[in-house]
Amino acid sequence: KQSKAKVRSEELNSCFEKLLTVAAGNSGVGVRMEGAVITEWKDIPMELLLRIVPLVDDRTAIVASGVCCGWRDAICFGLTQLSLSWCRKNMNNLVLSLAPKFTRLQTLILRQEYPQLEDNAVEAIANFCHDIQELDLSKSFKLSDHSLYALARGCPNITKLNISGCTSFSDGALEYLTNFCQKLKILNLCGCVKAATDHALQAIGQNCKMLQSLNLGWCDNVGDIGVMSLAYGCPDLKCLDLCGCVRITDDSVIALADKCLHLRSLDLYYCRNITDRAMYSLAHSRVNNKPSLWQSMKGRYDEEGLRSLNISQCTALTPSAVQTLCDTFPALHTCSGRHTLVMSGCLSLTSVHCACAVQAHRTLNTIPHTAH
């Protein structure tokens, strides 16, 4: 017990030193406030503590919350962002102990190198942290549908959710979540093969009208029905990753081109059923859908439309179709250092060049040769 008490005291002293260093602007001297010099942790007034805590690392904030009841209440009230990704073991127990205290959290990062989190930790978050807006549970292989059910009931204000690599979630649980979490703007389902199905995407399209970014990488149960449901239901979609979604065809891209006018980034890596029809639909969408809009945006031409496209391993595409797309969207670059149009594995597309390459070629040809 004495050994534990000594360790605890050393933690508090270290925590106090960090807090004072931040408060003093790294000067290393005592902090003066209203005529009083702060030299011990118990002297730090609450108003100063609330200004210091957001500036220190998460581990220091956690230790500081255990100093006394006053500090605990102040930190729990003022702390809105927390990352526990540094925790290599016992993350589950740490979340169980912190969730009842840090009830004002809005951002919680629980990304793991090794799976630690279990359903009871997520249930604790849902029971106590109702203000959560951003939650990262990536690589939580141990979680089951119970976690999604709990989040649906307890955290309806989530706008950003990362459950990439959570391979145990089902599409039924994801559908249930979307019924309650309809403010979702950013959703990462990369590798969630069982959860990301056409059935789930239909629910997302129906419930999550504010969605702007969706990662469906390597979700090979996704087909045209699901992507078309997204296109028709989520008009604000800006970023969509469909890499490895081998079942989709041109119909998916045509729907996206027609309905998602704000689309800026599209990843079609290894989608080998994609043909020239899809490329031409993307190119024509700029003019066909909103001619008056594009006319009014002439001064910001480069800022609108596709800015990133990955068509690697889409071996059915021809140079003429991709060149048309490249000419339509000047922000798509093939030049060195700016590869926003990625075509690796498509040997037939080596002749496709962006506007920069064409301009450089013209400039080179117009430079007068110096006589020797």
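Every read-out reported here was derived from the displayed coordinates using simple, explicitly stated rules and does not represent laboratory data. Not measured: the values here are computed from a predicted model. With ideal geometry, Cβ positions are generated from the backbone for all residues, glycine too; neighbour counts draw on all protein chains shown.
Miscellaneous remarks
- Of all DSSP-defined beta bridges confined to the range 35-176, some 0% are antiparallel rather than parallel.
- Filtered chymotrypsin sites (Phe, Trp or Tyr not before Pro), the range 51-145: DSSP coil and at most 14 other beta carbons within 10 Å: TRP86, PHE141
- Checking the Cα-Cα distances for LYS183/LYS259; LYS160/LYS238; LYS142/LYS238; LYS101/LYS160 against a 26 Å cut-off, the pairs over it are LYS142/LYS238.
- Cα-based convex hull, the range 48-155, per residue volume (Å³, whole number): 86 Å³
- Between the range 249-289 and the range 177-227, the Cα center-to-center distance that results, in Å: 18 Å
- In the range 176-258, the C-alpha radius of gyration followed by the widest Cα-Cα span (Dmax) gives 11.1, 32 angstrom.
- Dividing the Cα radius of gyration of the range 122-268 by 2.2 N^0.38 Å, with N the residue count, gives 0.96.
- The range 223-291: projected area of the alpha-carbon convex hull, averaged over directions, in nm²: 3.9 nm²
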